[in-house]
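Engineer: One structure coming up, written as structure tokens, with questions to follow.
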Amino acid sequence: MRVFVDANVIVAVLNRQYPLFPYAAKILSLADNSRFRVYTSPICLAIAFYFAEKKSGTLRAREKIALLSRKLDITTTDVNTVLSTVRNTAVHDFEDGLEYYAAVQSSCQIIVSEDVSDFYFSEIPVQDCETFLNTI
């Protein structure tokens, strides 16, 4: 199963944000399970880096992002991603549109985000961490 994780899931793990941390960590750990491919985008990593750097400092944030980059599959954000987002008039938040189309272009079957309502336009399922873990 191809799973796309939004920035808020990654931030919860990098910054050990409770009560979400245990659920988010389990989702990221699925990258070690051959039944799953866990994806995120460069934009999600940039957002996660920003928040990790605020909490842990630049050096530690770089180490955390490097580790994630070795574990997770990284989508591309290219001209097709941008144009798909711009063309979809239902998308009101540009960043959410970029994440969505990056997930679609990587054939992800689900998006995991704590901001499920941000993906109201999604044609693939979107679930929060706890719901996703209960369904698998």
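Engineer: For the stretch 2-31, enumerate the residues that are aliphatic (A, V, I, L, M) and either within 14 Å of Asp115 (Cβ to Cβ) or in contact with a Cys (Cβ under 9 Å, 6 or more places away or on another chain) (or both).
Structural biologist: Passing the criteria: Val3, Val5, Ala7, Val9, Ile10, Val11, Ala12, Leu20, Ala24, Ile27.
Engineer: Let me ask you something else. Restricting the search to the stretch 70-94, which residues are part of a loop (DSSP other than H, G, I, E, B), among the polar types (S, T, N, Q) and over 30 Å from Ser34 (Cβ atoms)?
Structural biologist: The initial filter retains those residues of the stretch 70-94 that are part of a loop (DSSP other than H, G, I, E, B), namely 72, 75-78, 88-93.
Applying the additional criterion that residues be among the polar types (S, T, N, Q) yields 75-77, 88-89.
Correct list: Asn88, Thr89.
Engineer: Something else now. How many of the residues making up the stretch 28-43 are charged (D, E, K, R) and surrounded by fewer than 18 Cβ atoms within 10 Å (Cβ to Cβ)? I'd like the intermediate steps shown before the answer.
Structural biologist: Looking only at the stretch 28-43, we keep the residues that are charged (D, E, K, R), and these are 32, 35, 37.
Still in the list and also surrounded by fewer than 18 Cβ atoms within 10 Å (Cβ to Cβ): 32, 35.
Number satisfying all stated conditions: 2.
Engineer: Looking only at the stretch 13-39, count every residue that is under 22 Å from Met1 (Cα atoms), outside any helix (DSSP H, G or I) and free of Cβ contacts under 8 Å to residues at least 24 places away in the same chain and tell me the total.
Structural biologist: Residues in the stretch 13-39 being under 22 Å from Met1 (Cα atoms), outside any helix (DSSP H, G or I) and free of Cβ contacts under 8 Å to residues at least 24 places away in the same chain: 2 in total.
Engineer: Okay, next question. Any idea which of Ser122, Ser117 is polar (S, T, N, Q), assigned to a helix (DSSP H, G or I), within 21 Å of Ile27 (Cβ to Cβ) and more than 13 Å from the chain's Cα centre (by Cα)? Break it down into steps so the answer makes sense when it comes.
Structural biologist: Values: Ser122 fails: assigned to a helix (DSSP H, G or I).
The unique qualifying residue is Ser117.
Engineer: Being small (Gly, Ala, Ser), surrounded by fewer than 20 Cβ atoms within 10 Å (Cβ to Cβ), modelled with pLDDT of 95 or more and within 12 Å of the chain's Cα centre (by Cα) is true for just one of Ala90, Ala46, Ala103. Which residue is that?
Structural biologist: Numbers: Ala90 fails: within 12 Å of the chain's Cα centre (by Cα); Ala103 fails: surrounded by fewer than 20 Cβ atoms within 10 Å (Cβ to Cβ).
Of Ala90, Ala46, Ala103, the one residue that is small (Gly, Ala, Ser), surrounded by fewer than 20 Cβ atoms within 10 Å (Cβ to Cβ), modelled with pLDDT of 95 or more and within 12 Å of the chain's Cα centre (by Cα) is Ala46.
The values are calculated or read from the model by the stated rules, or taken from the named source; none is laboratory data. This structure is a prediction, so every number in the text was calculated from the model and none was measured. When we count neighbours, we look across all protein chains shown, and the Cβ atoms used for this are built from the backbone with ideal geometry, even at glycine.
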